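Quick notes on the structure that follows.
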Amino acid sequence: MTRLLPIVLGLFLWAAPAHAFSKTTGFQTMTDGTSLAYDLYEPDGAPPSGGFPGIMLLHGLGGSKDDMAPIAQVFVSHGYAVLAYTARGEGTSTGDLTLAGPDEISDERAMEQWFAGLPEVSDTQIGAWGVSYGGGETWDGLGAGIPFKAAEVVETWTDLYSALWPGNVAKSGIVLGFAKAVDARSPLVASIENDAIRSTNLGQVEALADARSVAPKLSSITTPVYMFQGRVDYAFDVTQAENGFARLGGPKKLYVGQFGHTPSTFPGSDFDYVMAQGLAWFDHYLLGAPNGIDKAPPVTIAAASGTKRASYAGVPRTKTITVGFRGTTARRTGPVFRQALETFGVSLLKVQVARVVQYPRLVVTVLAGNRVITHGAIVPKKGLQTIRLANYVQYLPKGTRLSVAFGPSSASGDVAYLGFGDEKSITLGSADLELQVLTKPVT
């Protein structure tokens, strides 16, 4: 899944003070006997009074502590002690992976206590940085009361079920990819894999996902959290961070940037900006540096390319552009846009279902040419149906003409929704797209 490439390291030591560091590797044994591999990075020289401030790094699904080396080396070079560890059931750690469940949160707490207990590390000034699966663990750790002084979460979820099973239909291509990354070492994932991918027995899937989602606890969390979310991320769309930003009880900041899961990558082209912001956040909330990051506008959105960004006092305002798609065919084209637009927020596709016979999932893909703009799915019934579409930030130049493709799976080239050949027939009538766009494009 999310992997960091060592080649990026040279790009991000640009502002590093001359802090040499040492690295030690070992294992910590949990109360149930599980052994977790770790790397401990420490600046050379005597620690300051009270110990080095610390940062814990939590990796993505199917990864390990080794993926965190480029991040760790940036933070340690700026004077932080850094602990990266491999989650249970991954890499050289032992045990079974239980999908950011109670065992993983217990591990996270134990590793934080061990880290804080080191004589050269501060026992109070410790932050957490987590990406994807590690971001979910970071959120859940905060919800469980692990005393992080500050946190940063990257391309992750606040509500796992709504992210991967929106409308009670699995983003089956994404869920399949996640499952295959870990099912060999996760009896839990293997036991629910078929249901999770095919959207069957979803009560069990939803209960499991809800137990691993911080959403109900967000208002009670007062830890400062910087949320980094990708413009186009098929696993965790912008709504996951937007909901976190809206509900979090403490200081917060949101950056929507040029990275993410499929079809994006991590790191992205703006990774230097992400790291600079991350350092400033920890410097302020762990070290008390008066760098102004707490005074800056709390929401920033990157343009589709280049270094242009727009900042806002809160979640930016949007307007609705209605696009009609008449006819009954599976693929239809709308009118030409006479102005440039940039999507943001949850758009809706309303379609008349005239007839449906054993059609377990109706998927709609919204395209500009061959580029996927957004998508969504429902379990269809006869009558007017509303499909909630994923929240991606997509630039639509003047002259763009959107099309919609209906079917039992995503349109060609879109890996989000797989089909299984288990459908019979459906007859559709007119459709209207209520497209949410920024009042002024960023790109």
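If we scan the stretch 178-199, do we find a residue that is among the charged types (D, E, K, R), crowded, with 24+ Cβ neighbours inside 10 Å and closer than 29 Å to residue 376 by Cα? No.
If you take the residues of the stretch 233-254 that are charged (D, E, K, R) and in a helix (DSSP H, G or I), which of them is farthest from the chain's Cα centre (by Cα)?
This residue is 247.
Count, please, the residues in the stretch 167-189 that happen to be free of Cβ contacts under 8 Å to residues at least 12 places away in the same chain and over 19 Å from the mean Cα position of the chain (by Cα). Spell out how you get there, then give the answer.
Within the stretch 167-189, the first condition is being free of Cβ contacts under 8 Å to residues at least 12 places away in the same chain, and the residues that meet it are 180, 183-184.
With the extra rule that they be over 19 Å from the mean Cα position of the chain (by Cα), the set shrinks to 183-184.
So the count comes out to 2.
Residues that are within 30 Å of residue 272 (Cα to Cα) and small (Gly, Ala, Ser) within the stretch 301-355 comprise 302, 303, 304, 305, 306, 310, 311, 313, 314, 340, 345, listed in sequence order. One residue stands out in the stretch 397-423 among those that are β-branched (Val, Ile, Thr) and assigned to a loop (DSSP other than H, G, I, E, B): the one that is surrounded by the fewest Cβ atoms within 10 Å (Cβ to Cβ), namely 415.
Within the stretch 118-134, track down each residue that is under 17 Å from residue 57 (Cα atoms), surrounded by fewer than 20 Cβ atoms within 10 Å (Cβ to Cβ) and not hydroxyl-bearing (Ser, Thr, Tyr).
118, 123 - these are the residues of the stretch 118-134 that are under 17 Å from residue 57 (Cα atoms), surrounded by fewer than 20 Cβ atoms within 10 Å (Cβ to Cβ) and not hydroxyl-bearing (Ser, Thr, Tyr).
For the stretch 321-337, the set of residues classified as β-branched (Val, Ile, Thr) and closer than 19 Å to residue 364 by Cα consists of 321, 322, 323, 328, 329, 333, listed by residue number.
Look at (1) out of contact with any helix residue (DSSP H, G or I) (no Cβ under 7 Å at 6 or more places or on another chain); (2) among the small types (Gly, Ala, Ser); (3) over 20 Å from residue 79 (Cα atoms); (4) part of a helix (DSSP H, G or I) and you find that residue 260 fails only one, number (4). Restricting attention to the stretch 263-288, the residues that are in a loop (DSSP other than H, G, I, E, B) and in contact with a Phe, Trp or Tyr (Cβ under 9 Å, 6 or more places away or on another chain) total 8. In this structure, residue 292 does satisfy being in a loop (DSSP other than H, G, I, E, B), small (Gly, Ala, Ser) and surrounded by fewer than 13 Cβ atoms within 10 Å (Cβ to Cβ). When restricted to residues that are more than 18 Å from residue 128 (Cβ to Cβ) and surrounded by 13 or more Cβ atoms within 10 Å (Cβ to Cβ), the stretch 38-66 contains 5. Here residue 82 clears all of (1) within 13 Å of residue 282 (Cα to Cα); (2) assigned to a loop (DSSP other than H, G, I, E, B) except the condition numbered (2). Within the stretch 46-71, the set of residues being assigned to a loop (DSSP other than H, G, I, E, B) and in contact (Cβ under 8 Å) with a residue 12 or more places away in the chain comprises 47, 50, 51, 59, 60, 61, 62, 63, 64.
From the list 286, 279, which residue is assigned by TED's automatic domain parsing to the domain that holds residue 247 and either in contact with an Asp or Glu (Cβ under 6 Å, 6 or more places away or on another chain) or farther than 16 Å from residue 255 by Cα (or both)?
One residue alone meets the criteria, 286.
What's the number of the only condition in (1) in a loop (DSSP other than H, G, I, E, B); (2) of a type outside the set (A, V, I, L, M, F, W, C); (3) assigned by TED's automatic domain parsing to the domain that holds residue 56 that residue 338 fails to meet? The single condition residue 338 does not satisfy is (3). From 98, 138, which residue is assigned by TED's automatic domain parsing to the domain that holds residue 54, in contact with a Leu (Cβ under 7 Å, 6 or more places away or on another chain), in contact (Cβ under 8 Å) with a residue 60 or more places away in the chain and more than 29 Å from residue 293 (Cβ to Cβ)? So the residue among 98, 138 that is assigned by TED's automatic domain parsing to the domain that holds residue 54, in contact with a Leu (Cβ under 7 Å, 6 or more places away or on another chain), in contact (Cβ under 8 Å) with a residue 60 or more places away in the chain and more than 29 Å from residue 293 (Cβ to Cβ) is 98. Checking 376, 413, 407 one by one, the residue that is small (Gly, Ala, Ser), in contact with a strand residue (DSSP E or B) (Cβ under 9 Å, 6 or more places away or on another chain), at pLDDT 95 or above and more than 17 Å from residue 323 (Cα to Cα) is 407 and no other.
Yes/no per residue for (1) part of a loop (DSSP other than H, G, I, E, B); (2) over 23 Å from residue 418 (Cα atoms); (3) out of contact with any Pro (no Cβ under 8 Å at 6 or more places or on another chain):
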| site | (1), (2), (3) |
| --- | --- |
| 328 | yes, no, yes |
| 334 | no, yes, yes |
| 346 | yes, no, yes |
| 353 | no, no, no |
| 363 | no, no, no |
| 372 | no, no, no |
| 377 | no, no, no |
| 380 | yes, no, yes |
| 390 | yes, no, no |
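Could you grab me the full set of residues in the stretch 284-297 that are touching a Gly at 6+ places or on another chain (Cβ under 9 Å) and over 16 Å from residue 222 (Cα atoms)? Listed by number, the residues that qualify are 287, 297.
The values are calculated or read from the model by the stated rules, or taken from the named source; none is laboratory data. Since this is a predicted model, take the numbers as computed values, not measurements. When we count neighbours, we look across all protein chains shown, and the Cβ atoms used for this are built from the backbone with ideal geometry, even at glycine.
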